[in-house]
Each structure stands twice: as structure tokens, then as C-alpha cells.
2 protein chains.
Amino acid sequence: VADPKKISDSTVRRLSHYLRLLSAVQAEGVATVSSEELARWGGTTAAQVRKDLSVFGSFGKRGMGYDVVQLAGELRGILGLDREWGVALIGAGRLGLALLSYPSFRERGFHIRAVFDTDPAKIDSVREGVRVRRLDDLERVIAAGGIDIAVLAVPAAEAQAILQRLAGAGVRAVLNFAPVTLEPPPGVQVRHVDMALELEGLSFSLVQGRLGGDDSRPVSSAR
Amino acid sequence: VADPKKISDSTVRRLSHYLRLLSAVQAEGVATVSSEELARWGGTTAAQVRKDLSVFGSFGKRGMGYDVVQLAGELRGILGLDREWGVALIGAGRLGLALLSYPSFRERGFHIRAVFDTDPAKIDSVREGVRVRRLDDLERVIAAGGIDIAVLAVPAAEAQAILQRLAGAGVRAVLNFAPVTLEPPPGVQVRHVDMALELEGLSFSLVQGRLGGDDSRPVSSAR
């Protein structure tokens, strides 16, 4: 079993995709899946699936596929989805409020426990059951505990300064929605959700002729 | 030069990441970058960078790195970012309106030319310079031309039916923000932006100890 510190981001992403498929087929009562089925979902090959899973010591039986319930459980453990995570949302604008009501966060164990904004009209209002706090209180709220991850949904110009404050307050994992590239402070992982990136995948397919015409195929995509 | 139809989604994603770095360093007046620098941004290895770029016939000079302006231009062409794309946004809720004001779409050539909703209070209002139309008009507006890509920001329960209508109207590329897995109609590529997926990458890092402690390192992440 390899050192998990060496696992690439793309591998982690594929593990999440595999777990999506496993959860979906488990709900339909399916008992086993093949590496080919997992590959289709992960946007990869069966050989890559076997390699990805072998890193964590999970092996399907040749010709039998993977046990859905068992593998889903293992992946949840590997991805840290067998527990609850406390999330602080910074920014209660359109995007922030959309994220606050996004059902998949809570379903996967990510609980938004604090929301921060600088707009006096929003401070102390309650959105989706969470009170909006003033950004000035950021350090105090985080020091009180229960926050593992921060989500940045603030204007580009403010993001880096808030990231520094989060790092100073001890937050080690940040998901950035601000349309700007941030310099991660030491020991802090910053992931950037770049919504234009997925559009670029589509424009690539359109210009490269992967779509339409007689040789077209349904592309199951990066889910 | 390989068949672009065979290029994996992960490769396309990395090409986008490389282009981000190239645009950033170009703005700073940097003339060449190494495959190591590109690798850091793409969350991959220098060998993978060379492999990714060789697929399209782009080779850096050994020891000299890649010419920033030239490679950025090639990547823009490969990714279809050297032209404008017309986008239809379906859903003018919180997320839809956040997407409508997301600056990176337009910067990268994705122009939201039509917005659709079913809420009578929103129909015919103008948001970010675009008039909201009734969803009933979807087929008529698409038939009038100028729409290459659709973005779905609708409730999960409505997404598949709208996808079918888009496919019937001739749209071949769809970006789905609805928190549901869609079945792509033949010849249509559907990409799913799963905002929880990135949080899972962070929880993985937290449980696997990639962060914090003495052996921590800044992780530059999947940008």
C-alpha cells in the first residue's frame, strides 16, 4: 500500500467518481461492479481503475468485479467521508447563498456551521438556518472550534487577504470559488473551483469534433 | 500527433491548467517556462507535461523550456478558446445569477446570450444585460442560432427533461450544475460541476495527513 501523501489530485478525483457510481448502483440493489463500469464513470480505463484501487490495497476478484458495499465503505474511509466536517462559508452573496443551499455538501458530511459577510444588511440575518456573522469575528469563531474547512465565495480582490487570516486562525483546507489564483500559505491546501474550466472541456470537444456527426458517441463526461 | 478524439478528460483538464499558468506568467513578462513549472500547476509530473503536449505536436527545447506566448496560443487553439462561444443559461435562481455575473466565462470567450426561467416574476427582467426568457421559448431561441453550449442551473428534478429538450433543439454540449447525474442523449456531451467533489479532495488530504504537522508542504492544488 503506497504512501497516501504521494497520491495525485487526479487519483483522488477518480476515487470520488468511483464512489458516486457505487452509491448509485448500491441504491439500485446491484451487488458487484466491474473495473470497466468504474472506468466509464471515472473517465478512464479499467487498467487505471485497478491501479487506483490497488494503491489502497483493494482488489476485486478476477472476473467477479468489486463488492459494491465493501468498496464504497473503503472509499468513504479513504476520502474521509465516514465522518462530519465543519465548514465555514466566507461570503453570503449570490454564490455563497447558492452554496449554502447546495444539498450535496450536507449529504456528503460537509456541514456549513458558520457564514461570514461584511454587508451590515446581511449580518445577523439567518440563512438556511445559519446566522450570518461579521467577518471581523472570523478568528474568534474559528478559535471556538468545529471548523475544519473554509469555503471562499468572496470577490477576487479580497480572497488572498482572507486566506491569510484563515491560515493564521489555523484552518488548513480551503475551497476557493473566487475567480483568482491564490498563493497557499505553508501547510494549507487551497483548491480552486474554476467554473470556466469545465466549459473549456466542452469547447475542446466541440472544436476537436468529439461531438456530432456520424462517429459521435455519448460521452459520459467528468462527473 | 494523436487523434484528439482519444484525449482523456483529465488531459484536457491539465491543458486548461497549463494555459492558466502561461497566461499568468505572460502577464508578468516571462518568456519561457519549464515542464517542471507547468507540472506544479497541473498537479502532475514534468514527464506527464511533456507527454500531454507532445500529443499535440508541441515540443519544448531541451533545457530551454517552452515559449510562453507560442504555447499559450497553441493551447488556446486546441481548447477552442480562440473564438467566441454562445451560451444559454437555464435557471435564473441564486446559482444561475451567480454564474451570469461570473467574470471568467466572458474572459475566456463564453458569452451568455440567453437566460431562461419559469418564474413569472423573473421573466422579461434584465439581469447583467441579458433578458430572462420563458422556458417555453427554449427551442425557438436555440433555433434562431448563436447558442453552442447550455448551462443547467435548475433543480435536480427538472434537469433531465430540460437536457432532452436541449438535445432535441440541437445543443451538443451541456454543463450541468444541478446536483443530479444525468443520462447524456446520443451525441451530446454533458459535464457535471460537482461542487462537493472538491471538498472531498480536501477531506482526503485532512484524513491522510497530507496537511499540517512537520512534514506538511504547501499543496498547490487542482486549479
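The values are calculated or read from the model by the stated rules, or taken from the named source; none is laboratory data. Computed from a predicted model, the values in this text were never measured in an experiment. A quick note on method: Cβ atoms are made from the backbone with ideal geometry, for glycine too, and the neighbour counts reach across all protein chains shown. Remember, those area values only see protein heavy atoms, side chains included, never the ligands or the DNA or RNA. Shrake-Rupley method; radii C 1.70, N 1.55, O 1.52, S 1.80 Å.
Of all DSSP-defined beta bridges confined to the protein assembly as shown, some 20% are antiparallel rather than parallel. Any chance you could give the angle, 0 to 90 degrees and rounded to 10, that helix A:195-207 forms with the longest Cα principal axis of chain A? So the inclination is approximately 40 degrees. Over the Cα atoms of segment B:88-140, what is the Rg over Rh ratio if Rh follows Kirkwood? Taking Rh as the inverse mean 1/r over Cα pairs, Rg/Rh reads 0.96.
Over segment A:115-181, Cα pairs under 8 Å with separation of 6+ residues give a relative contact order of 29 percent. Could you give P(r) for chain B, binned at 10 Å from zero, as whole percent values over all Cα-Cα pairs? P(r) for chain B, in whole percents per bin: 7, 27, 29, 24, 11, 2, 0. Here the accessible area is traced with a 1.4 Å probe on the protein chains. For the protein assembly as shown, carbon and sulfur cover 50 percent of it.
Overall, the ratio between the Cα radius of gyration of the protein assembly as shown and 2.2 N^0.38 Å, rounded to two decimals, is 0.97. Between amide H atoms placed 1.01 Å from N, distances below 5 Å from A:R127 occur with A:V132, all of them 5 or more places distant or on a separate chain. Quick check: Cα centre of segment B:45-108 to Cα centre of segment A:154-213, how many Å? Taking the Cα centre of each part, segment B:45-108 and segment A:154-213 sit 14 Å apart.
Estimated from helical segments only, the mean residue ellipticity of chain A at 222 nm is -12000 deg cm²/dmol, where each DSSP H run of four or more residues counts as -39500 (n - 2.57). Beta bridges assigned by DSSP with both partners in chain B are antiparallel in approximately 20 percent of cases.
If you average 1/r over all unlike Cα pairs in segment A:53-150 and invert the result, what Kirkwood radius do you get in angstrom? Kindly include the intermediate steps, with their values, before the conclusion.
Numbers: mean 1/r = 0.0638 Å⁻¹.
Result for segment A:53-150 stands at 15.7 Å.
Ratio of Rg to Rh for segment A:105-169: 0.94 [Cα atoms; Kirkwood radius as inverse mean 1/r over pairs]. Based on Cα contacts under 8 Å between residues 6+ apart, chain B shows a relative contact order of 15 percent.
Of all DSSP bridge pairs formed entirely within segment B:106-208, close to 15 percent run antiparallel. For chain B, the solvent-accessible area with a 1.4 angstrom probe is 42 square angstrom per residue. Interface size, chains A and B: roughly 7700 Å² of accessible area buried, both sides included, 1.4 Å probe, rounded to the nearest 100. Axis of helix A:9-27 versus longest Cα principal axis of chain A: the two differ by about 70°, to the nearest ten degrees.
With the biggest extent put first, the Cα atoms of segment B:137-204 measure 46, 21, 20 Å across the principal axes. Would you mind working out the magnitude of the charge dipole of the protein assembly as shown relative to its Cα centre, with +1 at each Lys and Arg C-beta and -1 at each Asp and Glu C-beta, to the nearest 20 Debye? For the protein assembly as shown, the charge dipole is close to 440 debye.
The orientation-averaged projected area of the convex hull spanned by the Cα atoms of segment B:2-52 comes to 3.6 nm². Taken about its Cα centre, chain A carries a charge dipole of roughly 360 debye when the Cβ of each Lys and Arg holds +1 and the Cβ of each Asp and Glu holds -1.
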